[in-house]
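Comments concern the structure below.
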Amino acid sequence: MPRIGIGVIGGGGIAAEGHISGYKLDPRCEVVALWDNDPARVQEQAQRLGVPHICETLDELLGREDIQAVSVCTPDHLHGEHAHAALRAGKHVLVEKPMTTTREDAARLVEDVRETGLVLLVGQIVHFQPAIRAMVETYRSGEIGDVWLIESDYISDMRRYYGPHGETPWRTDAQAPQDILMGGGSHSMALLMWALETEVKQVFAYANHKAEPMLPINDCYLVSLLFENGTIGKLIAASGNRGAAPTGGRLVMYGTKGTLWGSRLYRNNPELHKTEIVRDFQEEFSQSKPRVQGTRQVQYWGEQCEHFLDCIEGKAQPSTSVLEGARIMAALCAAIESTRTGKPVDVDNHF
Ligand SMILES: NC(=O)c1ccc[n+]([C@@H]2O[C@H](COP(=O)([O-])OP(=O)(O)OC[C@H]3O[C@@H](n4cnc5c(N)ncnc54)[C@H](O)[C@@H]3O)[C@@H](O)[C@H]2O)c1
């Protein structure tokens, strides 16, 4: 069977250590070409990673007949435009999170997928972590009962990435800085919605700009959430952390029969007035290693690429589809609007 030809749009850190490294492990595909607007970087990356073709323009990459699918790994605010161009050129798309940075761009991608029937997978890499999957499965199997409160945080120290001499200067670019609620908070919002299998109905959010001077916009968000199923939730996204971050963490679910927190399942013993650890997912999966190793951000990139190829071959449905990506965006955009208006905002989930 001919291999699926892959084009990579944006040839920076996550393209190299995440996507290209992941594709290289799967014999069903071949990374054919790379495009980036930095000619020196693209040259160096293509050589180092063994990508045979460098394209001078996006149109050149999208016009290649030996490419059936692309990864979009450009800065956040370009995802919408680049994923749209790729779908309209007939290519399946794996787009880095956040899927877009505006609701309009998200709606356009939903239309693109509806009209073309192509695959769009949003790269929510956290969903591929075995311990997180096990926590979500534990909830879905009824072990903690009905969830009444849910939390997820993304609290980071981004100094190595920020500034004109940082690893990813686009994040603090004065014209189009990365909004940490989009860039980091999209991990959390996606996780909350995926875990609960529901949508956000209403948000109320505060934000400030006190911790990270290199970022020209708000660096900390606290978002209160009301989900369609009645669960309430909290999301924090911040980039100016200067110490530990012992708050909620990746995923916390409080249910009527137990709690999932810190990768563990806890249950209260009412006779002994004691909280017991029922399962420790980190421990259970301590031997499970991502297939891509040796990268700075060791994540389940290989597993994500494998899932994308399975979707293209019709063996799976995207773990985060274009519609789910659009609803994540709708909730994040509503939260930003709430910080501006000082009022709760109803989320428009109709796409
Ligand atoms: N899933 C994760 O855990 C994770 C982690 C880090 C980054 N990301 C996401 O990956 C994306 C890329 O981030 P990165 O860390 O690789 O950044 P990076 O700076 O290393 O790479 C971005 C690349 O895009 C190129 N670029 C900039 N403007 C462009 C344009 N107009 N046209 C074409 N190329 C352009 C840059 O030259 C650079 O090579 C971002 O959306 C980021 O949010 C995801």
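Since every read-out is calculated from the coordinates, none of them should be taken as a lab result. Predicted model only: the values in this text are computed from it and were never measured. Because the Cβ atoms are built from the backbone with ideal geometry, glycine has one as well, and the counts that use them run over all protein chains shown.
Working from Cα positions, state the angle (0 to 90°, nearest 10) between the long axis of helix 322-341 and the longest principal axis of the chain.
60 degrees
To the nearest 20 Debye, how big is the dipole of the chain about its Cα centre, given +1 on the beta carbon of each Lys and Arg and -1 on that of each Asp and Glu?
Charge dipole of the chain: 780 debye, to the nearest 20.
With a cap of 14 neighbouring Cβ atoms within 10 Å, and only residues DSSP puts in a loop, list the GluC sites (Glu not before Pro) found in region 294-351.
Within region 294-351, the qualifying GluC sites (Glu not before Pro) (loop, at most 14 other Cβ atoms within 10 Å) are GLU313.
Give the lysines reachable from LYS97 as a straight Cα distance under 22 Å; neighbours fewer than 8 places away on the same chain don't count.
The qualifying lysines are LYS24, LYS201, LYS234.
Going highest first, how would you order 89-100, 58-69 by mean Cβ packing within 10 Å?
89-100, 58-69
At a 10 angstrom cut-off on C-beta neighbours, averaged per residue, how do the peptides 8-16, 136-144 rank from highest to lowest?
8-16, 136-144
Rounded, prolate or oblate, given the Cα gyration tensor of region 209-277, with a/c below 1.5 counting as rounded?
Judged from the Cα gyration tensor, region 209-277 comes out oblate (a/c at least 1.5, b/c at or above a/b).
Which value, in debye to the nearest 20, describes the size of the charge dipole of region 142-262 about its Cα centre when Lys and Arg Cβ atoms bear +1, Asp and Glu Cβ atoms bear -1, and nothing else is charged?
The dipole of region 142-262 has a size of about 320 debye.
Determine the dipole magnitude for region 271-351: charges of +1 sit on the beta-carbon of Lys and Arg, -1 on that of Asp and Glu, nothing else is charged, the reference point is the Cα centre, and the result goes in debye to the nearest 20.
Value, rounded to 20: 320 debye.
Measure nothing fancy, just the Cα-based angle from helix 301-312's long axis to the longest principal axis of the chain, in degrees from 0 to 90, nearest 10.
Helix 301-312 and the main axis of the chain meet at about 70 degrees.
Relative to the longest principal Cα axis of the chain, at what angle does helix 185-196 sit, 0 to 90 degrees, rounded to 10?
Between helix and principal axis, roughly 60 degrees.
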